[in-house]
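I have placed the structure first, in the form of structure tokens, so that the comments after it can refer back to it.
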Amino acid sequence: MGFFNSIFGPRNNRSAQVAKERLATVLVDDRYKLTPEMKEQMKLDIAEVLARYLPSIDPDQIEVTLLRGESNDHLKADIPLRRGGSES
């Protein structure tokens, strides 16, 4: 068993950490009453505003998440930008 534990060691710790992060996400979402529909509308609104300045925004690629911090919660928007034809 020691051999397998050294190879696959902290598997339970990783599962526990993932479960803990998922629970924190659910608790933060519940605190702010942010439904999936509201998140989707927020993504569309963000894309609409950013399209004024960056024409390559795809609303389907935007990910909006609420994260639980030490003393504050954080709203995170991950917004991929498509590269143009000429790169520097």
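Tell me which residues, restricted to region 63-88, are of a type in the set (Val, Ile, Thr) and either at pLDDT below 90 or at positive phi (or both). First the steps, then the outcome.
Keep residues of region 63-88 that are of a type in the set (Val, Ile, Thr), which gives 64-65, 79.
Result: Val64, Thr65.
Restricting attention to region 48-57, does a residue exist that is at pLDDT 85 or above and either touching a strand residue (DSSP E or B) at 6+ places or on another chain (Cβ under 9 Å) or of a type in the set (S, T, N, Q) (or both)?
no
For region 18-47, give me each residue that is part of a helix (DSSP H, G or I), among the polar types (S, T, N, Q) and at pLDDT 80 or above. Lay out the reasoning, then the answer.
We begin by selecting, within region 18-47, every residue part of a helix (DSSP H, G or I); these are 18-32, 36-47.
Subset that is among the polar types (S, T, N, Q): 25, 41.
Passing the criteria: only Gln41.
Of everything in region 61-79 that's without any contact (Cβ under 8 Å) to a residue 24 or more places away in the chain and part of a loop (DSSP other than H, G, I, E, B), which residue is least open to solvent (accessible area, probe 1.4 Å)?
Taking region 61-79 and keeping what is without any contact (Cβ under 8 Å) to a residue 24 or more places away in the chain, we get 61-63, 69-72, 74-76, 78.
Checking the rest, the ones that are also part of a loop (DSSP other than H, G, I, E, B) come to 62, 69-72.
Working: Ile62: 2, Gly69: 26, Glu70: 193, Ser71: 104, Asn72: 92 Å².
Among residues in region 61-79 that are without any contact (Cβ under 8 Å) to a residue 24 or more places away in the chain and part of a loop (DSSP other than H, G, I, E, B), the one least open to solvent (accessible area, probe 1.4 Å) is Ile62.
Check off (1) surrounded by 10 or more Cβ atoms within 10 Å (Cβ to Cβ); (2) in a helix (DSSP H, G or I); (3) modelled with pLDDT under 80 for Ser6 and give me the number that stays unchecked.
Every condition holds for Ser6 apart from (1).
The values are calculated or read from the model by the stated rules, or taken from the named source; none is laboratory data. The shown structure was predicted, so the numbers you read here are calculated from the model rather than taken from an experiment. Virtual Cβ from ideal backbone geometry, glycine too; neighbours counted across all protein chains shown. When the accessible area is computed, the model is the full protein with side chains, heavy atoms only, and any ligands, DNA or RNA have been set aside. Shrake-Rupley method; radii C 1.70, N 1.55, O 1.52, S 1.80 Å.
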